[in-house]
Structures are given as structure tokens and as C-alpha cells.
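In what follows, a single structure is set out as C-alpha cells and then discussed.
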Amino acid sequence: MKKYNITIVGAGSSRTPALIGSIVDYKDKFPIQKIIFYDIDPERMGKMQAYISLVLKKEMPTLEFVFTDDKSIAYCDCDAVLVQMRAGNSEMRSKDEKIPLKYGLVGQETCGPGGFAYGMRSIPAMIEMVNDIRKVNKNAWILNYTNPAAIVALALDKVFPNDTRILNLCDQPYSMMRSYAKILKKNQSDLRCKYFGLNHFGWFTDIYDINGKHYFEELKEYLKNNEFKPYNAEQRSQSWLETYKRVNKYLCYFPEYLPNTYLQYYFFPQEIVAESNPNYTRSDEARDSREKEIFELCSRAETEFTIETVPLLKGSVFGNLMIEVALSILEDLKDEFVLITRNQGLIPNISEDAMVELSGKLGANGLIVEPYGEISTFYKGLIENQHAYEKLTVEACLEHDYTKALKALTLNRTVIDPQLACKVLHDLEEANKDYWTLQHGK
Ligand code: G6P
Ligand code: MN
């Protein structure tokens, strides 16, 4: 049986322990020889090192693993690179969320002006990483979870159009499917879906099981009458619970399809801004809940030097999706996922170059997607507008073009007003000086 080498980029992320939990969970199906943990910030990664080492030594004693901040070691000898970097760390996420709120605009990690600023930081970092990998390794699969995945995917497709081994991933459709499975009292692995859109901007249009029985109407009926709760509601913070509830609200207006939760920012921006606390946003909430918990576990493992008393983090949608996707490719399983891919006629009445999110099968030759077919005017209008925003963002970044940045933000449904776009862009430029600059009057 072939054994694989995996590299984890951004290994200092607070998501890494859960990813390790999934690797342990799948160890009998997914034979791994070696894991390389790579991060440009060895101090941050160092905080997790004891926990990760103790878990792996206990659960997978024959596995080799190294921690490094040296990219010449990271990429040369691996079959898949799992990427989860955050250019600017949580400090910049916090600014992405707080600056727009000063102007009464949505302050969010991936949507609106915050997502724009984050995209402008992620694109150059991701391009550099793909170049570094391809210098030494032509064949490794690059499985990217770095956000905003919509913008990163579009930029990488433009810069590396012939690289067929780059795949951008998002766990939100997978996570929603897990919640639907719980409502329908089914196993997630038995459910399939039809889905279309852009990343963080899409809709479920059918849910059915492997025997071909459809549950979409039943599910919509349930959601019309019951509060939508994520499968792990007890562990979710208030803002996520409100996010799921807004799916119920959306259905009062447009009951046809089930929206991705991220559509709330485009459909209910004013309500979301009114509920936001400009001094305490999602990044603060995440730091004080999930991240705190994870860093505490890791530091306990370090000081007690044992894993016996420390719970193993397992079963995260992010970790499971990353591992299932990697496995499906490397072992050519052709399992079904909702993934991001170049449109090229899959939805024939929207831009060919859009990076669309659709369900398809994933194997050694990549994603095999059935053409989705035409979409109706409402969705076409929304998607073309969002695609134009994403495309101008990518161009603004690659060309350092201020005017394109201003046009991008004006197109964004959470902004619309060019005066506001101009103000928020000014502040984002100031805050991001170390990461990106734009040439005015271009
Ligand atoms: C979902 C999205 C990710 C996003 C994450 C943010 O999983 O699909 O793209 O990064 O939520 O979660 P957080 O809890 O950090 O706000
Ligand atoms: Mn996502």
C-alpha cells in the first residue's frame, strides 16, 4: 500500500489540532508516511508542537513528522500540501471587521470591505507559495483553505491557469450538509446535494440520498417552521447561531432554494450592522472562545508533557473535509463534494471565467463536474455582480490599481455607495500599508 507525505502550511493555525484529530480518525483509510508542519512563524507553531507531537506519537507511532520554518524542506517531498494561512494573523482580521463598521458597513472576514482587504493580503502570499512549491515539486496537490477562498481561487486561476493541481476549498456547504443530515436524521455520508454559486455566495437546490430519495421539500418545510440550528449548536457562539437563524428569515422572502449562510451579509446588511458591536467582533469572539480553548489544551500538553489528561480534538468539519478531499484525490476514490472550479460553461449563462462552487466527484485527475445548466435571472444577476466585484478585486491587487479597487467595493452589495466605498478604502489602505498599496490616478 502506498504511503503519502503531507505538508501542512500555516501549521501554527489554531485549526491544526483539529486537522490532526481527523488524520488520526482516518488513519486506517489514509496511509501517511510523513507530515511536515510548516509555518513562517515558528513561535506560534511552537505553541502547538508539544500537543501535536504527543498525539501523533501515541496514535500513529510509526509516522515521521517534522516542524520547520524552512520552505526548502517543506515542499520538496510531498504528495499534498494542505494550506490554511492567514496573512496578517488575527490582528488584521480584527481590523478587517472593525474598519467597515465605522462607516455603518458589514465588518466580516470574507464578505464586504473586510473580505476585500483580506483578499488583497492573501493573493500575493498565495502566489508566492504556489511559486515556491512548483520550483521544487510539480506534482503535489495544493489544497487551499485560505480565505477569502472566492478571491484566492480567482487570482490563482488567473496567474496559474494551467496548473490543474490547485484546489480551493470551503467547508461551509459540507458543514450545512451535516446540519441538514441531523435534521433529517440521516447519515451525512448517505446524503448528496445539488448546489450552485460562487464561494460563500451559493444555494442548495436539492438534497437527496444515495438511493435517489429526495428530501429538499421536507427540509425546506422544516426550516420554514423551525429555527435552523447548526449540528453543533451547543458549541457555537451567539453570532453563529444568529447566522443560521437568518436562513429562516431569508426563506420568508425567497423560499425556492436554501441559501449558504454567508448570503446573510448581502441580503440583510443593515440588520447585521445594527447588531454588530464595533469594539467586539467575530475575531474577538473566536479568540475568547475556540482559540483560547485550543491554546489552553496545547499549553497543558506542554507543561504536563502527557496527552492522557488532555482531550483529543476530533470531528471538525474543516479537518474532515481536508482529509476526505486529500484521500479522494490520492486514492482516486471519486467521492462527491461541493468544490470550487472554473465555470467554463458549467453554468452556461454566466461568465466563463467565474470560479463557481458546484458539487462534483473528485479523483486523481481532479474534479469531475456535471454541467449545472442555466440559472434564472435573479441568481444570474446576483452572481454576475458578485463575480464582477471579485474580478475587479483580483485585478486591483495584481495591478495595484486604485480605481479598480474603488469600482470593486462599489459593486459589492454590502457597500453600493461610492462615497462610502472611498472612505472605507482609504482606511483599509492605511491599515494594510505593510501588505498592499494602490496607485491612485491609474
Ligand atoms: C466557515 C467558513 C470558513 C471560515 C470559518 C470562519 O467554516 O467556511 O471560510 O473561515 O467559517 O469561522 P470563524 O469561526 O473563525 O468565524
Ligand atoms: Mn469558507
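The values are calculated or read from the model by the stated rules, or taken from the named source; none is laboratory data. Because the structure is a prediction, the values reported are computed rather than measured. Methodologically, a virtual Cβ is constructed for each residue, glycine included, from the backbone with ideal geometry; neighbour enumeration extends over all protein chains shown.
The C-beta contact set for the stretch 208-220 (first residue closer than 18 Å to LYS245 by Cα and basic (Lys, Arg), second residue at pLDDT 95 or above and part of a loop (DSSP other than H, G, I, E, B), distance under 7 angstrom, 6+ apart or interchain) comprises LYS220/PRO255.
Residues checked against (1) closer than 28 Å to PRO371 by Cα; (2) within 19 Å of the chain's Cα centre (by Cα):
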position	(1), (2)
TRP203	yes, yes
ILE207	yes, no
ASN226	no, no
CYS252	no, no
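Of the helices (runs of 4 or more DSSP H) that lie entirely inside the stretch 236-315, those containing 2 or more residues that are among the basic types (Lys, Arg) span 238-253, 292-304. A count restricted to the stretch 1-12 and to residues that are crowded, with 24+ Cβ neighbours inside 10 Å and part of a loop (DSSP other than H, G, I, E, B) stands at 3. Looking at the stretch 346-357, which of its residues are touching a Gly at 6+ places or on another chain (Cβ under 8 Å) and touching a residue at least 24 places away in the same chain (Cβ under 8 Å)? If the condition is that a residue be touching a Gly at 6+ places or on another chain (Cβ under 8 Å) and touching a residue at least 24 places away in the same chain (Cβ under 8 Å), then ILE347, PRO348, VAL356, GLU357 are the ones that fit.
Of all the numbered requirements in (1) assigned to a helix (DSSP H, G or I); (2) of a type outside the set (Ser, Thr, Tyr); (3) more than 14 Å from ligand 1 (Cβ to nearest atom), LEU105 misses one, and that requirement is (1).
For the criterion of being more than 24 Å from the chain's Cα centre (by Cα) and either of a type in the set (A, V, I, L, M, F, W, C) or surrounded by fewer than 16 Cβ atoms within 10 Å (Cβ to Cβ) (or both), PHE196 fails. The one condition from (1) assigned to a helix (DSSP H, G or I); (2) surrounded by 15 or more Cβ atoms within 10 Å (Cβ to Cβ); (3) away from ligand 2 (no atom under 16 Å from the Cβ); (4) aromatic (Phe, Trp, Tyr) that PHE228 does not meet is (1).
Could you tell me whether any residue of the stretch 336-349 is closer than 15 Å to TYR195 by Cα and assigned to a helix (DSSP H, G or I)? The answer is no; no qualifying residue exists. Would you pick out the residues in the stretch 256-284 that are touching a Phe, Trp or Tyr at 6+ places or on another chain (Cβ under 9 Å) and surrounded by fewer than 19 Cβ atoms within 10 Å (Cβ to Cβ)? Within the stretch 256-284, GLU256, PHE267, PHE268 qualify. Taken over the stretch 80-102, residues that are within 13 Å of THR146 (Cβ to Cβ), within 15 Å of ligand 1 (Cβ to nearest atom) and of a type in the set (A, V, I, L, M) amount to 4.
Of the residues making up the stretch 359-373, those that are touching a strand residue (DSSP E or B) at 6+ places or on another chain (Cβ under 6 Å) and under 18 Å from LEU333 (Cα atoms) are SER359, GLY360, LYS361, LEU362, LEU367, ILE368, VAL369.
If we scan the stretch 160-176, do we find a residue that is in a strand (DSSP E or B) and more than 30 Å from LEU398 (Cα to Cα)? The answer is no; no qualifying residue exists. All of (1) within 16 Å of ligand 1 (Cβ to nearest atom); (2) more than 23 Å from GLY104 (Cα to Cα); (3) surrounded by fewer than 18 Cβ atoms within 10 Å (Cβ to Cβ) hold for TYR253 with one exception: (1).
GLY197 passes every criterion in (1) within 16 Å of ligand 1 (Cβ to nearest atom); (2) under 25 Å from LEU19 (Cβ atoms); (3) not in a loop (DSSP other than H, G, I, E, B) apart from (2). Considering THR164, THR146, the condition of being within 16 Å of ligand 1 (Cβ to nearest atom) and either in contact with a strand residue (DSSP E or B) (Cβ under 9 Å, 6 or more places away or on another chain) or among the basic types (Lys, Arg) (or both) is satisfied by THR146 alone.
Looking at the stretch 202-224, can you tell me whether even one residue there is within 16 Å of ligand 1 (Cβ to nearest atom) and either among the hydrophobic types (A, V, I, L, M, F, W, C) or part of a loop (DSSP other than H, G, I, E, B) (or both)? Checking the stretch 202-224: at least one residue is within 16 Å of ligand 1 (Cβ to nearest atom) and either among the hydrophobic types (A, V, I, L, M, F, W, C) or part of a loop (DSSP other than H, G, I, E, B) (or both).
May I ask you to verify whether ILE151 is over 14 Å from LYS71 (Cβ atoms), crowded, with 24+ Cβ neighbours inside 10 Å, within 15 Å of ligand 2 (Cβ to nearest atom) and of a type in the set (A, V, I, L, M)? Here the answer is yes, as ILE151 does meet what is asked. Taking the listed residues PRO42, PRO17, the one that is under 22 Å from ILE133 (Cα atoms) and not polar (S, T, N, Q) is PRO42, with no other qualifying.
Number of residues in the stretch 130-145 that are crowded, with 23+ Cβ neighbours inside 10 Å and either assigned to a helix (DSSP H, G or I) or acidic (Asp, Glu) (or both) equals 1.
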